[in-house]
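Below you'll find the structure, written out as structure tokens, and then a few comments.
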Amino acid sequence: MRIAYLAPEIPALSATFVYHEILALEEKGFDVLPISVHPPASPATEESARNLAAQTILLYPQGIATFLLSAVRCKLRHPGRYLVTALSLLSDMVSLGFFSRGAAALLYRFLAATRLALILEQHGCRHLHVHFAHVPTDIGMYAARLAGITFSFTSHANDLFERGWLLREKVARAAVAVTISDYNRRFLISQGADGAKIVIVRCGVDARRFPKESPLRSQGGKIPVIGSLGRLVEKKGFDTLIAAAGILAESGENFRMEIIGDGPLLAELQAESERLGLPDNVAFLGPVANDLVPAWLGGLDLFVLACRMDSNGDMDGIPVALMEAMAAGVPVISTTVSAIPELIEPGISGLSVPPAEPRLLADAIRNMLVSDDLRRCCSAGGKLKIAAEFSEQGNIHRLSQLFTSLVSGGK
């Protein structure tokens with residue numbers, strides 16, 4: 001069964017879940033054609049990711065001349081489909097403001113979709129699945145109609161909260177709209193989307209990558225190691241985490257904090273760490289390949305991700321880094337932003353605090369580190385939560401059933 005996957009960047013360090021999903025579906029017998037809108041800015045480097053990269057078709061680098069030629073070919077091959085799809089495009093451009101930048105960008109994506117439609121036909125793809133509801137789904141919904149196949153898409157966070165245009169139309173045109181949380185489902189319905197077409201499939205993690213047993217060492221005489229991982233952008237709340245570290249250091253707490261990731265706020269965060277006198281406590285380790293993350297997690301006593309809404313209204317959905325830490329048996333602390341409460345049950349599978357509250361975050365970190373019982377409880381509870389709802393295997397099974405039903409004509 002050949003299906004196609006379209007995402008902004010494949011395989012990318014910033015979206016490891018996409019290529020892990022592709023590889024897991026291939027293990028289940030699907031023949032997946034990976035298509036990336038852009039070349040990855042920070043490509044994943046593990047061997048399986050490199051192999052996937054060699055098979056991935058890059059769309060936008062093919063350029064406008066190729067897209068224009070593809071549009072002509074699509075119109076000649078399938079005039080009826082082309083007319084219907086072009087009319088949908090015109091309607092969408094009117095919705096966005098016909099002479100707006102958004103409408104002009106949508107026209108370009110339609111032209112890219114004509115190229116994608118030809119690729120789908122050439123490779124005999126029977127279904128197209130798209131990750132992220134913004135640009136890739138713009139392209140995918142037109143391409144699927146031009147190719148005469150079904151499509152579905154998975155929505156996550158930024159693609160809804162900051163870049164969520166035409167959501168009602170996208171859900172209506174998709175065979176099914178997948179999203180990762182009940183929070184997202186309610187948001188889509190609030191935008192006018194048909195709730196009957198929206199299904200929740202978690203963006204799970206492969207617990208097999210982590211040891212079955214994660215013994216937690218007593219804190220006696222040992223400097224605790226606190227970890228955090230994510231792109232260094234506003235919504236990840238690293239400024240709140242650094243402020244909380246400053247509060248802990250000021251009160252005499254001894255700890256080491258390791259931050260993995262890169263991004264536009266690196267210099268600013270390093271400067272704030274210096275200002276608070278934290279160079280001996282806080283280490284910025286840069287980006288790390290995904291296959292090295294389990295070993296790093298194994299050396300942590302606590303994982304913290306201080307997510308919050310940024311100044312543009314963007315926020316995380318359910319961060320993969322939190323799921324990976326819980327799968328590894330590392331106690332976690334995060335915030336009550338977005339759908340994170342669907343992952344973390346306070347005192348059972350972790351601790352949570354309101355966003356952008358460094359003192360409350362510092363208190364939660366202190367409480368977790370001084371109580372071996374709390375850490376053991378959250379470690380065990382986190383692993384159970386992942387196994388019950390957020391395992392990659394369980395959610396891939398749901399996706400594979402969904403794709404099989406769509407391709408065989410079921411809904």
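The table below gives the values:
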item: Among (1) more than 21 Å from Met1 (Cβ to Cβ); (2) at pLDDT below 95 - the single one Phe67 does not satisfy; result: (2)
item: Meets criteria (surrounded by 15 or more Cβ atoms within 10 Å (Cβ to Cβ) and free of Cβ contacts under 8 Å to residues at least 40 places away in the same chain) for Ala71; result: no
item: Meets criteria (within 21 Å of Ser338 (Cβ to Cβ), of a type in the set (Lys, Arg) and surrounded by fewer than 24 Cβ atoms within 10 Å (Cβ to Cβ)) for Arg168; result: yes
item: Any hit, the range 396-407, residues being assigned to a strand (DSSP E or B), out of contact with any Cys (no Cβ under 6 Å at 6 or more places or on another chain) and within 30 Å of Val130 (Cβ to Cβ); result: no
item: Those helices (runs of 4 or more DSSP H) lying entirely in the range 172-284 with at least 2 residues in the same structural domain as Phe132 (by TED's automatic domain parsing) and surrounded by 17 or more Cβ atoms within 10 Å (Cβ to Cβ); result: 182-190
item: Selection count where residues are aromatic (Phe, Trp, Tyr) and out of contact with any helix residue (DSSP H, G or I) (no Cβ under 9 Å at 6 or more places or on another chain), scope the range 274-324; result: 1
item: Single residue of Gly409, Gly317 found to be more than 23 Å from Gly230 (Cα to Cα) and either without any contact (Cβ under 8 Å) to a residue 12 or more places away in the chain or within 16 Å of the chain's Cα centre (by Cα) (or both); result: Gly409
item: Selection status of Leu384, surrounded by fewer than 18 Cβ atoms within 10 Å (Cβ to Cβ), outside any loop (DSSP other than H, G, I, E, B) and either charged (D, E, K, R) or in the same structural domain as Asp239 (by TED's automatic domain parsing) (or both); result: yes
item: Residue within the range 394-404 that is surrounded by 16 or more Cβ atoms within 10 Å (Cβ to Cβ) and touching a helix residue (DSSP H, G or I) at 6+ places or on another chain (Cβ under 6 Å) present; result: yes
item: Verdict on Gly299 being part of a loop (DSSP other than H, G, I, E, B) and at positive phi; result: no
item: Test: residue in the range 352-365 that is crowded, with 24+ Cβ neighbours inside 10 Å, hydroxyl-bearing (Ser, Thr, Tyr) and touching a residue at least 12 places away in the same chain (Cβ under 8 Å); result: no
item: Scan of the range 336-385 for residues that are on the phi > 0 side of the Ramachandran plot and under 25 Å from the mean Cα position of the chain (by Cα), ordered by number; result: Ser338, Gly350, Ala356
item: Members of the range 212-254 that are aliphatic (A, V, I, L, M) and at pLDDT below 95; result: Leu216, Ile223
item: Restricting the range 1-22 to residues that are more than 18 Å from His127 (Cβ to Cβ) and modelled with pLDDT of 95 or more, the residue that is surrounded by the fewest Cβ atoms within 10 Å (Cβ to Cβ); result: Pro8
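Table: residues versus (1) more than 17 Å from Phe67 (Cβ to Cβ); (2) surrounded by fewer than 24 Cβ atoms within 10 Å (Cβ to Cβ); (3) assigned by TED's automatic domain parsing to the domain that holds Val320.
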| position | (1), (2), (3) |
| --- | --- |
| Ala86 | no, yes, no |
| Val94 | yes, yes, no |
| Ile119 | no, yes, no |
| His123 | yes, yes, no |
| His129 | yes, no, no |
| Ala133 | yes, no, no |
| Thr150 | yes, yes, no |
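The values are calculated or read from the model by the stated rules, or taken from the named source; none is laboratory data. Quantities reported herein were computed from a predicted structural model and do not represent experimental measurements. Positions of Cβ are backbone-derived with ideal geometry, glycine not excepted, and every protein chain shown enters the neighbour counts.
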